[in-house]
1. If you scan segment 154-197, which residues turn out to be away from the ligand (no atom under 16 Å from the Cβ), in a helix (DSSP H, G or I) and surrounded by fewer than 24 Cβ atoms within 10 Å (Cβ to Cβ)?
2. Go through segment 138-148 and report how many residues are buried (at least 21 other Cβ atoms within 10 Å of the Cβ) and closer than 20 Å to F9 by Cβ.
3. May I ask you to list the residues in segment 202-219 that are within 12 Å of the ligand (Cβ to nearest atom) and part of a loop (DSSP other than H, G, I, E, B)?
4. Restricting attention to helices (runs of 4 or more DSSP H) lying wholly within segment 230-320, give those where 1 or more residues are within 16 Å of the ligand (Cβ to nearest atom).
5. Can you tell me which residues in segment 64-78 are buried (at least 19 other Cβ atoms within 10 Å of the Cβ) and more than 11 Å from the ligand (Cβ to nearest atom)?
6. Consider only pairs whose beta carbons are under 6 Å apart and that are at least six residues apart or on different chains; among these, list those whose first residue lies in segment 32-49 and is under 22 Å from M153 (Cα atoms) and whose second residue is outside any helix (DSSP H, G or I) and among the acidic types (D, E).
7. Only residues that are in a strand (DSSP E or B) and over 18 Å from W73 (Cα atoms): list them for segment 1-33, please.
8. Considering only residues that are within 14 Å of the ligand (Cβ to nearest atom) and without any contact (Cβ under 8 Å) to a residue 60 or more places away in the chain, which ones fall in segment 79-102?
Amino acid sequence: MNDLLGVQFDGLQLDNPLMPASGPLVGDFDKLRFMQDAGCGAVVTKTISTKAPVIPRPCIYGDRDYVMNSELWSEHPLATWVDVFLPAFMKIKDRPLIISVGYTEADMELLIPALDRFADAFEVSTHYVGTDLAKIGRTVAAIRARTAKPIYMKISPHLPDAAGFAAAIRQNGANGVVAVNSLGPTMKVDLMNRRLVYGNADGYVWTSGPVIKNLALAAVRKIKSAAPSLTVIGTGGIQSADDVLEFLVSGASAVQMLSGALLRGKDLYAKIVADMPAALKKYGFSSMAEAAAVTLSTPVSYEPVVPVLIPERCTKCQLCVRVCPYFAMVLLDRITIDPAKCFGCGLCIAKCPTKALR
Ligand SMILES: Cc1cc2nc3c(=O)[nH]c(=O)nc-3n(C[C@H](O)[C@H](O)[C@H](O)COP(=O)(O)O)c2cc1C
């Protein structure tokens, strides 16, 4: 294993913590090979189920910092995976393969025995299962009865009780969680044409990409805090090596990415892997394993602190004046802060384009 970038969990050894997230970029043999050639630490498949879905087209929308999709699971039947894609991948495979499966207990009875010989681990989409934790627990038990491989249950962000989810799946033999699936339902309006742009039969889509990163980070931390013995694989909005580190220090053992590559190009996988050593150095980590072992501190203060202006950095653009929620800033001969009005909220510091406030 790579000493600098390598991570290991549940008997799996990855040369680096980046994997593709389940979706169209891992939907057949050529795409699995692409991810291996790109240098991903492990490869994940598109979710395989027992019935082929009917998918509306178009089904993927991309904007500056989000993706919306109305895709379902793999358009290829189980037989094509078992007879064609996976045997072909086994011939070239040189790193762990996580097979994504969905959705019901009955599906698992068919899927797990058919796929077990190809899988180093299973990832289970709970996206269309609902929020009933007992049902999710029974699904885990149905898989555990049919495989000794690690099982990772993928959590959807609309599931209200992440800690309850963690407890239910652990009791039934899961090794961990993939957090998170795409967020929704969401929708996209075309105002000019009075219509919804994309969507399923009801007009709804799922949202992913950088806009969900902070939600995904919180889900990772919540699950890891609630169930430290579970492995957490972080997913949602990753588009740089810095993002990978953010997920590791939040409690993830490894990460997955899809939307970043849909928005910025598929070469992003290789770029992030290449950028990892510099990112480790920039933030003072000796290895990915060290980053994954971090526990984040939570500095909370209730004392308001009035920002201080650094005049030589200030361009007098007055963005701080315009955004201040407490009307505490004004441009006189220089930006001036009224300490009686300032609440110490910190927004001006965050928004200042020249870092002239601290
Ligand atoms: C077009 C598209 C298709 C997806 N298909 C699946 C899927 O088949 N199974 C699954 O578990 N997640 C699926 N996802 C969710 C992603 O795997 C991932 O959890 C989510 O997009 C958040 O990561 P990201 O922001 O890096 O894309 C899909 C997402 C997109 C955008």
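1. A163, G164, A167, A168, R170, Q171
2. The number of residues fulfilling the criteria is 2.
3. The one that is within 12 Å of the ligand (Cβ to nearest atom) and part of a loop (DSSP other than H, G, I, E, B): G209.
4. Correct list: 241-249, 259-264, 268-282.
5. Result: L78, single match.
6. Matching pairs, first to second residue: G41/D15.
7. Scanning segment 1-33 gives V7, Q8, F9, L12, Q13, L14, L18, M19.
8. W81, I99, V101, G102
The values are calculated or read from the model by the stated rules, or taken from the named source; none is laboratory data. Here the structure is a predicted model, which means the values were calculated and not measured. Here Cβ is always computed from backbone atoms with ideal geometry, including for glycine, and neighbour counts include all displayed protein chains.
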